[in-house]
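Everything on this sheet refers to the single structure shown next.
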Amino acid sequence: MTFGDSNSFVERARCWISRAALVVATILLAIGIGLTEWHQSGSVAVLETACAILLAVPILNAIAAVLEEIGRRDWPFVGAGLLVLSLVAYSVLEKVR
Amino acid sequence: MLTLALTMLAGVAAGGLGALLGIGGGVILVPLINAGLGRPFREAAAVSLVAVLAASASVAASTETRRLLNVRLAIVLLIFSVTGATFGAKVLHLMSEQTYERIFGATAALIAVGMLQRLDKRNIRSAETVADPGVLGGRFYDEDTRTEVVYHPKRLPLAMFSAFSAGMLASFLGIGGGILVVPSLNSWCGVPMRVAAATSAFMIGITAIPGAIAHYHLGYLGDFRFAAAASIGVLVGYRIGVSLGLKTPVRGLKLLMAGMLSLVAMRYLL
């Protein structure tokens, strides 16, 4: 079972958002390096934002995979996907708290 | 500025090879930053995890490998890899840098031997002989044989164990875990190399998250510029690697992987 099985709305949205996120993250990474090289304030915040975007993309992929499985009404895999997302949420929230 | 440029070049090399092998490139990037540029192992691992996230984002944005990705197998294995990564992130601060370097070398050596032992194993059967790939199997058009082929994953407990180990090592060593998942899926579980690589590429970003957060939280990331430079390099390298990937023979991919791992093992074990 692959993502490429259908040209679904979820798959198109996932692809579009991933590409947009990648472009924004790349621009922010380049700006962040530039600001740091010229000792401008706010450089760390820019780089942290870029890293946060890069971190969000795989989570978006996992959510898209769960939505695809919901569309197929394949509940065991929906449950497995939700379990993965819960584990990721736990690891993030535990450190943020 | 020169160090930043070299970090970016290391990222290009890691991203390119990572795309060809279905790994995040961490196993290449960590030694290049640690041994090549003289940064501490923990900082190299932290930088590498950010670069792995960039590689994963690059894969997500591309469509080249999507037809090979087995999303159900990935979801099942992610339960174990993310659990391992979360556990690894919890105990990250307990061991010394030297211990992590030895683990890194030993892991690379073991996988290189495993890859060389099964260099010519294909793990696929023609679609006519196997009608049903099962719940976790799949079928795809193989560029090498120019036929539709079917595969059916075997020994799933082994794949689950390797996913858990890969997750733990991802947090310890700054790798995405693909370096373990790809060979074990291919060699032990009968998943074709290209499918294993695409499935692993989907998994690495999610597996890297607990380790990346922990490294950042513990202050190992240090200078953010290195992570940014490595990430930009990986993004460029990944595009190059993906465009070459489907044209590279499977045997060549395996040899490349084994050779690369042997070099890494020698650096950290001798």
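How many lysine pairs in the protein assembly as shown, separated by 8 or more positions in sequence or lying on different chains, have Cα atoms less than 26 Å apart?
Values: A:Lys95/B:Lys90; B:Lys121/B:Lys154; B:Lys121/B:Lys247; B:Lys121/B:Lys254; B:Lys154/B:Lys254.
So the count of such lysine pairs works out to 5.
Please list log₁₀ I(q)/I(0) at q = 0.20, 0.24 Å⁻¹ for region B:43-117, using the Debye equation with identical point scatterers on the alpha-carbon positions. One equal scatterer on each Cα of region B:43-117 leads to -1.27, -1.26. Per-peptide packing, taken as the mean over residues of other Cβ atoms within 10 Å, places B:222-229, A:38-45, B:2-9 in the sequence B:222-229, B:2-9, A:38-45 from highest down. Inter-chain Cβ neighbour count for A:58-66, averaged per residue, equals 6 (cutoff 10 Å, partner chain atoms only).
Computed over the Cα atoms of chain A, what is the ratio Rg over Rh, Rh following Kirkwood? Mind showing how you got there, number by number?
Values: Rg = 16.9 Å, Rh = 15.3 Å.
Expressed as Rg/Rh, it is 1.10.
For A:Arg73 and B:Glu143, the FRET efficiency from 1/(1 + (r/R0)^6), where r spans their Cβ atoms and R0 equals 35 Å, is about 0.60.
So what is the calculated 222 nm ellipticity per residue for the protein assembly as shown, using -39500 (n - 2.57) for each DSSP H run with n of 4 or more, over all residues, to the nearest 500 deg cm²/dmol?
On the way: 13 runs with 263 residues, N = 367.
Rounded to the nearest 500, the figure is -24500 deg cm²/dmol.
Annotation for B:Leu255 and B:Gln117: the two label points, set 7 Å from Cα along the Cα-Cβ direction, are 2.2 nm apart.
Global dimensions of chain B from alpha-carbon coordinates: Rg and Dmax equal 17.3, 58 Å.
Each label was represented as a point 7 Å from its Cα along the Cα-to-Cβ direction; for A:Ala20 and B:Leu156 these points are 3.7 nm apart.
Karplus-based coupling profile of region A:30-46, in residue order and whole Hz: 5, 4, x, 5, x, 4, 5, 4, 9, 6, 8, 6, x, 5, 5, 4, 5, with θ = phi - 60° in 6.51 cos²θ - 1.76 cosθ + 1.60 and x standing for Gly or Pro.
Averaging the Cα positions of each part gives two centres, and for region B:154-206 and region B:1-70 these lie 17 Å apart.
Between B:His217 and A:Leu83, the FRET efficiency from the beta-carbon distance, with R0 = 22 Å, is close to 0.40. Take each residue of peptide B:74-81, count the partner chain Cβ atoms within 10 Å of its Cβ, and average: the result is 6.
Name the residue, out of B:Ser231, B:Ser62, B:Ser200, whose mean-square fluctuation peaks in a Gaussian network model built on chain B with Cα pairs under 10 Å. Highest fluctuation of the listed residues: B:Ser62. Alpha-carbon geometry of the protein assembly as shown: the Rg and the Dmax are 18.9, 65 Å, given in that order.
Here, each number is a calculation from the coordinates, and none is a lab measurement. For clarity, every value in this text was computed on a predicted model and none was experimentally measured. Because the Cβ atoms are built from the backbone with ideal geometry, glycine has one as well, and the counts that use them run over all protein chains shown.
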